[in-house]
2 protein chains.
Amino acid sequence: MRGIAYLSVVVVALAGVLVYMARASGHVDGEADPVFGITIPAGYRDWRLISVAHEEGNLNDLRALLGNDVAIKAYREGKLPFPDGAIIARLAWSYVPSEENNKVFGRAQSFVAGSATNVQFMVKDSRKYAATGGWGFAQFKDGKPADAALLKTCFPCHEPVKARDFVFTHYAP
Amino acid sequence: MRGIAYLSVVVVALAGVLVYMARASGHVDGEADPVFGITIPAGYRDWRLISVAHEEGNLNDLRALLGNDVAIKAYREGKLPFPDGAIIARLAWSYVPSEENNKVFGRAQSFVAGSATNVQFMVKDSRKYAATGGWGFAQFKDGKPADAALLKTCFPCHEPVKARDFVFTHYAP
């Protein structure tokens with residue numbers, strides 16, 4: 001019995017080390033998106049800013065678009081279509097009035113980012129995602145991918161901006 | 001005469017090389033802010049995202065807060081006061097409805113970043129800016145610094161958030 005207990009401790013410790021190593025290496029654990037097989041890209045929160053936006057209606061959020069190095073370079077050079085390897089991240093947070101800011105401004109005018117709603121990614125791989133304009137689409141909420149039914153609506157919505165390689169957001173100077 | 005013409009060419013070429021070198025080294029030309037002596041920090045458009053916001057009223061903008069490495073590290077570690085060397089940039093763009101996006105959503109709900117309005121900086125130097133909570137303040141429009149009268153209004157407005165080291169914006173997860 002003591003042998004089994006000892007073995008359990010070693011196994012648990014090893015698992016802990018492996019998890020730590022995976023995190024340190026920048027690997028993000030997590031389920032892949034069920035349609036395009038995309039997992040949350042490591043370090044996306046450190047990517048550079050493309051632009052910001054506000055959606056009213058059901059979304060009612062403030063959002064930021066970030067790009068990995070390939071995407072930012074293509075944006076800044078005005079290069080279309082985006083090259084393979086480009087990834088665009090759309091972060092969004094609930095749209096929250098800021099009492100603190102309003103007090104300073106002396107009127108209700110200030111809206112800030114509340115809790116995160118979900119995060120979306122467009123991943124360029126012209127061969128793998130040839131059927132959807134060369135882009136794979138993903139959405140995660142608290143690390144969990146959206147279901148297939150939702151993901152299948154992404155490409156049809158992006159089709160009107162085919163002339164800009166299916167990307168809505170313009171680069172904010 | 002030929003000697004003078006030749007000399008001119010050399011001088012112009014040298015000036016060109018110097019300008020190129022200054023740019024390559026990350027130095028940003030430009031006038032310093034008249035109160036705090038701040039110039040536009042090189043490469044600030046590449047800094048990482050702190051959060052986003054929308055101001056109504058006269059400002060009527062969408063804004064992004066970016067931080068240099070020192071600022072981002074302090075934010076993520078929840079460290080207050082911000083250490084010397086921290087710089088927070090506030091970019092802002094006009095608040096523009098997007099007809100293109102609205103068409104896709106089927107209703108008027110989408111607002112995006114238009115042209116840049118101005119950019120502001122808070123620069124932490126606890127000795128140099130001891131009289132204003134350790135922060136220097138700057139605002140630039142098309143590269144031109146705001147005048148002294150405007151800059152003197154910055155610190156009084158930030159005083160209500162002394163408990164957060166005079167910084168309004170919270171980090172968006």
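The values are calculated or read from the model by the stated rules, or taken from the named source; none is laboratory data. All values derive from a computational prediction rather than experimental measurement. Note that each Cβ is placed from the backbone with ideal geometry, even for glycine, and that neighbours are counted across all protein chains shown. Heads up: the accessible areas ignore ligands, DNA and RNA and are worked out on the full protein's heavy atoms, side chains in. Shrake-Rupley method; radii C 1.70, N 1.55, O 1.52, S 1.80 Å.
Keeping all protein chains in place and using 1.4 angstrom, which order do B:127, B:45, A:76, B:164 fall into by accessible surface area, from largest down?
B:127, A:76, B:164, B:45
Express the relative contact order of region B:31-125 as a whole percentage, based on alpha carbon pairs under 8 Å and six or more residues apart in sequence.
Across region B:31-125, relative contact order equals 23 percent.
Once the Cα gyration tensor of region A:114-153 is diagonalised, what are the square roots of 5 times its eigenvalues, in whole Å and ordered largest first, as equivalent ellipsoid semi-axes?
22, 11, 7
Using a label position 7 Å from Cα in the Cα→Cβ direction, what is the ascending list of nm distances from residue A:30 to the same site in the other copies?
Label-point separations across copies, in nm and ascending: 3.4.
Quick one: dipole size for region A:74-173, taken about the Cα centre, charges +1 on Lys/Arg Cβ and -1 on Asp/Glu Cβ, in debye to the nearest 20.
160 debye
Can you pull the Kirkwood radius for region B:33-173, inverse mean 1/r over Cα pairs, to one decimal in Å?
16.1 Å
What are the residues whose amide H is under 5 Å from the amide H of residue A:98, where those residues sit 5 or more places off or on another chain and H is modelled from the backbone?
Amide H neighbours of residue A:98: A:110, A:111, A:112.
I'd like the Kirkwood hydrodynamic radius of region A:68-141, using the inverse of the mean 1/r over distinct C-alpha pairs, in Å.
Answer for region A:68-141: a Kirkwood hydrodynamic radius of 14.7 Å.
State which entries of A:73/B:103; A:103/B:162; B:128/B:152; A:103/B:73 exceed 19 angstrom in Cα-Cα distance in the structure shown.
Check vs 19 Å cut-off fails for A:73/B:103; A:103/B:73.
Provide B:170, A:158 ordered by accessible surface of protein heavy atoms (probe 1.4 Å), highest first.
Result of the area sort, largest leading: B:170, A:158.
FRET efficiency for residue B:99 and residue A:79, Cβ-Cβ distance as r, R0 = 30 Å, nearest 0.05?
Efficiency, from the Cβ-Cβ distance: 0.75.
What total accessible surface area, summed over both chains, is buried at the interface between chains A and B, computed with a 1.4 Å probe and given in Å² to the nearest 100?
Result for this pair: about 3300 Å² buried.
Mind listing the label-point distances from residue A:171 to the same position on all other copies, shortest first, one decimal in nm, points 7 Å along Cα→Cβ?
Here the equivalent label points are 2.8 nm apart from this one.
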